[in-house]
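Worksheet: one structure, shown below.
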Amino acid sequence: MGRSGVWNGKTLSKAEKRSLISWIKKGYSRLKCNQNLMEKYGRTVDPRNLSRFARQEKLTFKATNELDFSTKELASVRGLWLIGAPQRRLALEAGKRTLNSVQKKITRLRATGAVADGLREEIKEELRAGKSSASIAKKHNIAVKFIDEFKETEKSSTIEIENLKRWENTDIEDLLDFIEDGQKRLKKMDAEQGEANIKISTTSKYVALMFLSDIHLENVNTDLRGLRRDFDIIKSTKDFYVGFGGDLIDNFIVGPHKEGVIEAVIPPKAARIAAGKLFDSIRERLLWTILGCHDAWDRDYADYNLPEHIARKLKIPYLGHGGDINLTVHNKKSKKEQLYNIHARHKYRGSSGLTNGTACCKNVLRNIDPKFDIVAISHNHFAEIKIEHYLRKDRVFIRTGSYKKEDRFSNMLGFEACEFDSQIPVVILNTATKDMKVISGVSNASDTLKALNR
């Protein structure tokens, strides 16, 4: 590796030196010089020795561009790119480089502007203007043969689509404005609310509030006779009101448990119509509706649900899966009024257990807000109501029960029909002082309410 001009321990021949000097003066790189040496003389030289040789001859290696292409190679690269040649052909004709190296170099050529996306259109315009291939090739540093090949390509049949649509041309800001406007409009249409302020004005001292839920109207095991009897009592009893906690119909046709359809006496459409008419009959007594899990199947499949539809029709609050009710009862005679804070929902954490059914009501106080006087949770079909002094004041905790006595699912889990009673919980509220009385069953509640208001 000693003095310059040494190749593998042997001095370069005069012919090799002359060739190297000529190539270096032409601006060939070390790589190109070694390629030429291999082609012409069957040998290569260590690049460091090539540098020493160039310094000895007072010459400097100058790559024609940062990509190590000679001027001739660059002209080939630009020409091949112009005609859209595959990169494999480009690699073969541009200095016999590897495909991978050419791919990287083309990327860098684009970055430096050596090959520009507008080049093809520019050359097309020059050809249309009648300029010769030679003048165009000289101007753009492209071999003439590629200009001729490009001309032939342009003569071939082409397909042009004048009205092609592309999402890339969409004004994204305009699209985002459209989405934002749509969000606002849809929210205005949405009936769901998390809180409802309701005021009952009456001449009576007491009012009754029934927590109705889980009717499952069309099921063969639903106590429809008991339901109709209770509705008749409510309609005939002054100041008897109802809050609905979800699952008006079974609705198994769109749910995940389609085998439940077997227990339906009527199809879902008829069940929806019947349920709607049933609630129409207590339109002056119904205060709110809540979405049950069976009702939610309609929402998930069709963006529609029966409790919301009824709430819209009767112009009462729809609370989605549940929410807060700030119920004010006002006595017109005494001018006194009381505010009862209620939280009602279809399901909540800890609502699964039957041994301590109202534990989930306490979870609401701990996790949502300790202000509530009454907490009512539905879903499990067993009824329970009690007053308990909890977190420094008296509260009413309710599990709402159901008119559906049993079904195949509950039987499979080992529950008996007697565990699900339709003695629906009712709270009697005092309009003058904060006083709550709990009653099981609509008939018992009606009798108690009438007695208190005599």
**OP:** Using 0.36 nm per residue of separation minus the Cα-Cα distance, give me the extension gain between TYR41 and LEU339 in nm, one decimal.
**Re:** 96.8 nm
Original post:
For LYS131 and LYS14, what is the calculated FRET efficiency with R₀ set at 41 Å and r taken between the beta-carbons, to the nearest 0.05?
Top reply: 0.35
Original post:
Fully extended, how many nm does the chain gain between LYS26 and ARG228 (0.36 nm per residue separation, minus their Cα-Cα distance)?
Top reply: 62.2 nm
**OP:** Pull up the cross-link candidates among the lysines for LYS17, meaning alpha carbon to alpha carbon under 16 Å and not fewer than 8 places away within one chain.
**Re:** LYS25, LYS26, LYS32, LYS40, LYS58
Subject >> Electrostatic dipole magnitude of the range 6-56 [Cβ: Lys, Arg +1; Asp, Glu -1; Cα centre; debye, to 20] >> reply: 180
Subject >> Charge context of LEU429, other residues only, Cβ under 12 angstrom, K/R +1, D/E -1 >> reply: -1
Original post:
Whose amide H sits under 5 Å from the amide H of LYS386, counting only residues 5 or more places off or on another chain, with H placed in the peptide plane?
Top reply: PHE397
Original post:
Sequence-distant or interchain residues sharing an amide H contact under 5 Å with TYR241, placed H: which?
Top reply: ALA208, LEU209, MET210
Subject >> Rounded to whole Hz, the Karplus (6.51, -1.76, 1.60) HN-Hα couplings of the range 39-53, x for glycine and proline >> reply: 5, 8, 10, x, 9, 10, 10, 3, x, 5, 5, 4, 5, 5, 5
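What number comes out for the charge environment of PRO370, summing +1 per Lys or Arg and -1 per Asp or Glu over other residues with Cβ under 15 Å away? If you can, show how the numbers build up before the last one.
On the way: positive: LYS362, ARG366, LYS371, ARG392, LYS393, ARG395; negative: ASP324, ASP369, ASP373, GLU388, ASP394.
Within the 15 Å Cβ shell, the charges total +1.
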Original post:
So how much slack lies between VAL220 and ASN444, counting 0.36 nm per residue of separation and subtracting their Cα-Cα distance, in nm?
Top reply: 78.0 nm
Original post:
Sorted by mean Cβ packing within 10 Å, highest first, what order do the peptides 332-342, 364-374, 22-32 take?
Top reply: 22-32, 364-374, 332-342
Original post:
Once you list every other residue whose beta carbon is under 12 Å from the beta carbon of LYS393, what net charge do they have if Lys and Arg are +1 and Asp and Glu are -1?
Top reply: +1
Subject >> Tensor-based shape of the range 193-452 (alpha-carbon gyration tensor, a/c under 1.5 rounded, otherwise prolate or oblate) >> reply: prolate
**OP:** Compute the separation of the alpha-carbon centres of the range 270-309 and the range 8-49 and state it in Å as a whole number.
**Re:** 91
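Every number in this text was worked out from the coordinates using simple rules, so none of it is lab data. Please read all numbers here as calculations on a predicted model, not as lab measurements. Glycine gets a Cβ as well: all are built from the backbone with ideal geometry, and neighbour counts include every protein chain shown.
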